[in-house]
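Here is the structure we will look at.
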Amino acid sequence: MNLNAVIQAATQTLIDHVDELTALDQAIGDGDHGLNMRRGAQAIQAKREALAAQTLNEALRTMGMTCMSTIGGSSGPVFGTLLVTLSKELPAAPGPADLGRALRAGIAALTRLGKAEVGHKTLLDVLDPVATVLETGGDNLIARVKLGAADAAEATATMHAIKGRASFLGDRAWGHVDPGSRSMALIIGAVCENF
């Protein structure tokens, strides 16, 4: 795995999808998710040279702290906490089972942070099925992870929002994909394409 290529692809996909993410958040949030994620992605890209010299764990921590300091709203702490947790949980050369276990730790950390759970129409609804696929292993793993993440994000449209701004809309949030879930699926898809 070329870590620099993975980081570049994951951040660039957020930048490239800023309008989509903004539109999703305008429907059920305050409309700034796309811009916030682009800001964080650009801040990470600005550190590309330093990240290239770091180990996987160091790079994940650096990116997590960058998210916390540059991404506004709840997304900064959420994506930052996930990355910092992964930095602590992953071995230097992780396999699929390690990734699944680390994602489970990330889910637990995010549940503690925001009191959200799987099924609450958040990015946890993408992380949970991806962790399951990684834990299960098997053939065509990367393709199944990418497809599972995309499908899980789309499935948030048929969930009731329990946490976040969308929860204030009640039934009006029904039919809309959760922006954070879509961001997570985009990141996972980019990682899979460059793994």
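The values are calculated or read from the model by the stated rules, or taken from the named source; none is laboratory data. Note that this is a predicted model, so its numbers are computed, not measured. Using ideal geometry, Cβ is built from the backbone for each residue, glycine included, and neighbour counts are taken over all protein chains shown.
Here are the numbers for this structure:
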| read-out | value |
| --- | --- |
| All positions within the stretch 70-89 that are part of a helix (DSSP H, G or I) and within 20 Å of Thr22 (Cα to Cα) | Thr70, Ser75, Gly76, Pro77, Val78, Phe79, Gly80 |
| Subset of the stretch 1-60 [closer than 21 Å to Thr122 by Cα and not in a helix (DSSP H, G or I)] | His17, Gly29, Asp30, Gly31, Asp32 |
| Members of the stretch 153-176 found to be modelled with pLDDT of 95 or more and either at positive phi or crowded, with 23+ Cβ neighbours inside 10 Å (or both), listed by number | Ala153, Thr156 |
| Qualifying residue in the stretch 22-33 (condition: under 25 Å from Val133 (Cα atoms) and either of a type in the set (S, T, N, Q) or touching a Cys at 6+ places or on another chain (Cβ under 9 Å) (or both)) | no |
| Number of positions in the stretch 90-130 that are acidic (Asp, Glu) and either crowded, with 20+ Cβ neighbours inside 10 Å or not in a helix (DSSP H, G or I) (or both) | 2 |
| Members of the stretch 9-34 found to be hydrophobic (A, V, I, L, M, F, W, C) and either buried (at least 17 other Cβ atoms within 10 Å of the Cβ) or closer than 13 Å to Leu186 by Cα (or both), listed by number | Ala9, Ala10, Leu14, Ile15, Val18, Leu21, Leu24, Ile28 |
| Pairs where the first residue, in the stretch 49-69, is charged (D, E, K, R) and the second is at pLDDT 95 or above and surrounded by 13 or more Cβ atoms within 10 Å (Cβ to Cβ), C-beta under 6 Å, 6+ apart | Arg61/Val84; Arg61/Ser87 |
| Residue count, the stretch 6-31 (criterion: modelled with pLDDT under 95 and of a type in the set (Gly, Ala, Ser)) | 3 |
| Members of the stretch 70-104 found to be touching a Lys or Arg at 6+ places or on another chain (Cβ under 8 Å) and either within 14 Å of Gly180 (Cβ to Cβ) or among the aliphatic types (A, V, I, L, M) (or both), listed by number | Ile71, Gly72, Leu83, Val84 |
